[in-house]
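Working notes, structure below.
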Amino acid sequence: MATTEPIRDRRRVREITTFYLKRGEPRNYVLVMMCIHTALRVSDILRISCDDVYDYSTGTVRESFEIIERKTGKSKIVAINNGLVKALELYMQYSRPGTPLVLNRRTGKAIGRIQAYRLIRAAAEALRFGRRVSCHSLRKPLGITLGKTAFRSL
């Protein structure tokens with residue numbers, strides 16, 4: 001099994017989070033943002049629906065959502081931070097109720113794990129991150145993106 005490296009540099013985290021935003025690809029942008037800001041496994045992110053994170057009746061992004069992790073079977077409440085709220089607000093202009101968050105428009109279902117890996121690898125290669133970046137690499141930068149601000153409210 002190949003090992004992956006977390007992205008430890010704030011500048012690099014910023015580069016990969018804005019890569020698809022600059023290219024005008026909101027679905028891929030929200031995928032990367034969900035990976036970084038929730039620290040969920042990509043298989044769990046791909047199971048999230050638009051209704052889980054967005055309240056269509058009020059037109060607002062939810063503060064949190066609950067998910068049952070596929071690997072562990074445990075229930076987890078995931079908070080949606082400000083960085084992710086902005087990404088979701090942008091993306092929800094293109095979404096419909098009842099659809100997967102990371103939608104494959106051709107099939108009407110969520111993209112697969114392999115496609116998610118390809119999207120993240122393509123961004124990493126274009127940004128010249130090296131060979132050890134994968135979906136799992138994006139679970140680790142949460143501490144970097146939050147920094148000390150996560151502890152100010154405690």
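Candidates Arg11, Arg70, Arg27: the one that is assigned to a helix (DSSP H, G or I) and surrounded by fewer than 17 Cβ atoms within 10 Å (Cβ to Cβ) is Arg11.
Do we find a residue being surrounded by 19 or more Cβ atoms within 10 Å (Cβ to Cβ) and touching a Phe, Trp or Tyr at 6+ places or on another chain (Cβ under 8 Å) anywhere in region 32-45? Within region 32-45 (the criterion being surrounded by 19 or more Cβ atoms within 10 Å (Cβ to Cβ) and touching a Phe, Trp or Tyr at 6+ places or on another chain (Cβ under 8 Å)), the answer is yes, since at least one residue qualifies.
Condition first: surrounded by fewer than 16 Cβ atoms within 10 Å (Cβ to Cβ) and either polar (S, T, N, Q) or assigned to a strand (DSSP E or B) (or both). Now tell me which residues in region 46-67 satisfy that. Matches in region 46-67: Asp55, Ser57, Thr58, Thr60, Ser64, Glu66. Among the residues of region 85-123, how many are crowded, with 17+ Cβ neighbours inside 10 Å, in contact with a Ser or Thr (Cβ under 7 Å, 6 or more places away or on another chain) and part of a helix (DSSP H, G or I)? Total meeting the criteria: 1.
Scanning region 1-49 for residues that are among the small types (Gly, Ala, Ser) and without any contact (Cβ under 8 Å) to a residue 40 or more places away in the chain turns up just one, Gly24.
Each value in this text was obtained by applying a stated rule to the coordinates, not by laboratory testing. No experiment lies behind these values; they were computed from the predicted model shown. Don't worry about glycine lacking a Cβ; one is built from the backbone with ideal geometry, like all the others, and counts go over all protein chains shown.
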